[in-house]
Structure formats: C-alpha cells, structure tokens
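Take a look at the structure set out below.
The values are calculated or read from the model by the stated rules, or taken from the named source; none is laboratory data. Everything quoted here is computed from the prediction, not taken from an experiment. Cβ: placed from backbone, ideal geometry, glycine included. Neighbour counts: every protein chain shown. These area figures cover heavy atoms from the full protein model, side chains too; ligands, DNA and RNA do not enter into them. Shrake-Rupley method; radii C 1.70, N 1.55, O 1.52, S 1.80 Å.
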Amino acid sequence: MASGKQSILRRGYSKRSMVAALAGTALSLAACSSLDVSDVAANHTADELQALALTQPPVGQTLSLEDALARGFVFNLDYQVQRLRAVQSLGEVGLSEADYLPRVMLAAGYTRRSNIQASVGKRVDDASGELPTDFFTATDQSRTFGTALAAWNLIDFGLSYLENEKQKRWAGNDYEAAQVSCASLADRVVSTYWRAVAFERAAAKNDWLRWRLEIGLAASKARAEAAPETLTAELFLQRELIDLFRWYDSIYVSLSSSKAELAGLINLPPGTEFALNLEQTADNLQALPSDSVELVKLSFANRPELRQRLLLDEVNQISNKQDMVRLFPGLSVLFGGETDSNSFLLNNSFTHIGASLSWDLFELARTTDRRRQQTNRAELLALETQLVANAVASQVAMAVSEYQARNKTIDYAWRANTVQAEITDRTMAQYASGEATEAAVVKEELLRELAIIRWDVDTAGHQAARIRVLNALGLGPDCAALPVAAGYEAVRTALRADQILIPLQSETES
C-alpha cells in the first residue's frame, strides 16, 4: 500500500509538471497578463488528476456515516500526515541507544617510499660529539600499519540514555497530536455528513417543488384575472409563495456544497458518484454526569491535549537532568591496539588501555544561570498547562450547553414538522373536496418542505453538537483502534512501559 501511495504521489506531482506550471505563471506575470486556467488544465490528463486521490474500494450502494468515518480515518491526508509523524517518531525511539556502546574506530594503511629512508644518530650524553659518517636504514621502503581503538565516554552514555527517554515522550506527544487531528476529523465528517443527508433529501424534491411553485403562482394569477376584486389578495398570496420558496432555497443552497466537502474529507477520487444512507438513524448521548465538575474531571482524564502537556513537562524534566549531568566531569575509557610492519622497530604490535578525565569549568560557572532558566521554563510550562486546562474546561461547558440547546431545537423541529404534515394533508383533502384552492395547497407544500429541510438541518446541528461533546470529554472515536493505525499500538506499547499514557480502552473495559 505504501509503495502504491508513493507511486501515486510521484505521478500526481511530477517535477516536470510543477516546473512547467511555475514557469508558465512566472511568464504570465512578467507579461502583466492574466493566466489562462484552461491552458494550465489542458496540460494535465484525466489519469493524472485521478492519481491525485488515493485508490479506494468502491463506495457501494450507499455511504453510511460509519463508512464515511472509517474512510476518513484511512484516506484523509491531513490525518495521515499526523499519524505518520507519530510512526516516524516511534521509529526514532532507540536511535540514540547506539551511543550506549563504545565508539570503535579502525584504521589501516599501506605506504611505499620512492627511496629508502635512512637515519643517523649520536649519543644523548655527548652533545658535542661528531655525527657518524655511516647511514642506517630506519624504515622499510614498503610497510603496512593498522590501529583499532575503542573509547567510551560515561557522560555521553548518561546523556544518550536521557535523550532516548526524551524521544519516547516526543513520540507520545506526536501520538496525542494525531488523536487531536482524529477528533477534529470526526467532528468535520459527522457535521458534513448530516448536512449532506439534508441536501440529498431536499435535492430529490427540489425540481418538483419548483414546478409546484409555478403551478401555484399560475393558479393565483388565473383567479385574479377571473375576479379582479381579489387582485390584491392574490398578489399577497403570490408574494408569500415566493418568499417561502426563497427561504427554502436559501437553506438548500447553503447545503449544496456539503457532498463535495464530504468527498474531500474522505478523499474520494474526483468525479466519484455516491449516495448517502438517507435512513441513517441520529444518535443521542448517553446520560452524562449532571455535575459540571465531574464532566471537567472526565475531560482532564481523557483529553489528548492535556496528556501532551504532561509529556512536555516530562521532556522538560529530562532536559534539566541532562543539564545536571553535563556539570559532572567527563570520564573517558579507551582500549586499543596498533600494529606496524616496519621490521626496524621493536615491539611494534601492541595493545594499550587508558582513561582521561575532563571538566568544563565554564559550564560550572553557568550553573546559576541554567537553574534560573530551568525555573523560568518550568513556570512557563505550568502556565501553558493551566491555559490548556482552562480552555478544555470552557470547551466542555460550551459543548454541553450547545447540545442541551440543540436538544430543545430538534424537539421543536420535529413537532413543527409533524404539525405541518397534518396541516398539508388536511389542506389537500379540502382541495379534493373543492373547499381549498390549489395555491393554498402549494403554500402548505412549501411550508411542509421548509419544515422538513429545517428539521434535517437541525438534525445535522444536533449530531455535530453530540460529537463535539464527546470530543470535549475526550471520548470521541479512537483512531488507534482501527487496523490502519496499527503503528499506534506499537507507540502505546512502547510508552506504557514508562506509564506515560493511560491504559487502552479495551483494557479498562475488561
């Protein structure tokens, strides 16, 4: 799957097409002329445009909300970027473990002189002595040599261990960022899906309703011509019919882009036709604690943003430990061996062991400044954590308030729809018996369709408020539970060993 994605991206964003587009744009700007979009679009074939979207399984007869969410979690590129960042961070955990081992360096060489190296010497205790006139060979004309050295710095060992622990926290932070992205995606998919359902229901009757409007207007005009004394009343009626349809149409137009937006969220290939499950049942929240304090506590225990703050605090604590470790003297232990084929040397193949101690005194002089910075950094992190906690508490209060208000709104919408349906049925019966005009029937039909579309819009708002409450409490969809996010389980497993993350949902249920 990964190789397929990479080939698609290579096809979709080829270097040639990008250079051509940039060059065309630059030339058009230089000529102070507008860029013809059709010329640019002509350079891209239908296959290239199709390659911009990931290949997905067929939608089937209808697309349910559950399927839309699953496809969004798998194919939405914004979320996939966050997910892959977490997987990438997990892959970086342990890279610094290589610093636990001693550094081993090997060197070998061969040399050959164009002539023979010779030397002369004199006694050390006879500085005034004459140099001998004989010359002696000191080095072979051709020789080989080699060195092996292993060095281990204990300070580096400690710093590497702490750096690896810090990278675990960064991996957890990226995981939680992906969970935040997951919650945001779920919010958008749920809200857009229900708006798309409202649009698709309305679209099925839109042409018929326009036709009925024209029928009603024509009938009203005919009655005004037959009875001129009713002209004013009929004009009022015509205005009312038009205003009702304009009200209905304004809602319809506001929903018209919802299916395209939903297709973009789940990254359907361009031009994919799909139908929604119009029989989808709207869900209600289970009973929530009535105590606002309990709700806030629940959100504090589950919100990924707060777990991010805890992880960042741990990162800061580890950084402080690294600063303290750097204050200690550095002890390096080395062990190695050397060999040289020069036949004029004695004991030229040997091993050696040693140790060195170094201490950065200037680092000690900066201890006070470092402690001051650590204190300031800790205070800043605490303030930022408090800021996030306040924001989470506010989000919980706002989400719950909105959901409670939406509960009342959806109740009134359902009651209005029920009443209007009965009124329309009665008016149609009166029209059949000659007691009502066709324009009156059209008016009630417009009011009925207006009640239906408003009910559908209120349902979309109600479902959006529901998912916002779940996200505010940190109880939204768990993207990590999906098969596509198997890498997250590895992240959790690696991090739970250090008790960084809360237990998995399946574990708490069991």
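Listing for the model above:
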read-out: Residue selected from region 92-127 under the condition part of a helix (DSSP H, G or I) and at pLDDT below 75, by the criterion surrounded by the fewest Cβ atoms within 10 Å (Cβ to Cβ); value: 98
read-out: Residue satisfying all of: in region 221-232; under 16 Å from residue 441 (Cα atoms) and either within 57 Å of the chain's Cα centre (by Cα) or without any contact (Cβ under 8 Å) to a residue 40 or more places away in the chain (or both); most open to solvent (accessible area, probe 1.4 Å) among these; value: 221
read-out: In region 224-256, the residues that are of a type in the set (D, E, K, R) and touching a helix residue (DSSP H, G or I) at 6+ places or on another chain (Cβ under 6 Å); value: 234
read-out: Counted residues, region 322-376 - those being closer than 30 Å to residue 144 by Cβ, in contact (Cβ under 8 Å) with a residue 60 or more places away in the chain and not in a strand (DSSP E or B); value: 4
read-out: Residue among 142, 89 that alone is more than 24 Å from the chain's Cα centre (by Cα) and either open to solvent by 50 Å² or more (accessible area, probe 1.4 Å) or at pLDDT 75 or above (or both); value: 142
read-out: Any hit, region 472-490, residues being part of a helix (DSSP H, G or I), under 33 Å from the mean Cα position of the chain (by Cα) and at pLDDT 90 or above; value: yes
read-out: Cross-chain or 6+ apart pairs with Cβ under 9 Å, region 378-404 first and closer than 25 Å to residue 288 by Cα, then assigned to a helix (DSSP H, G or I) and hydroxyl-bearing (Ser, Thr, Tyr); value: 392/299; 393/292; 393/299; 395/299; 396/292; 396/299; 397/292; 400/292
read-out: Complete set of residues in region 60-81 that are crowded, with 21+ Cβ neighbours inside 10 Å and of a type in the set (S, T, N, Q); value: 76
read-out: Single residue of 279, 305, 294, 273 found to be under 26 Å from the mean Cα position of the chain (by Cα) and open to solvent by 40 Å² or more (accessible area, probe 1.4 Å); value: 305
read-out: Of all residues making up region 359-383, the number that are under 30 Å from residue 303 (Cβ atoms), out of contact with any helix residue (DSSP H, G or I) (no Cβ under 7 Å at 6 or more places or on another chain) and not hydroxyl-bearing (Ser, Thr, Tyr); value: 6
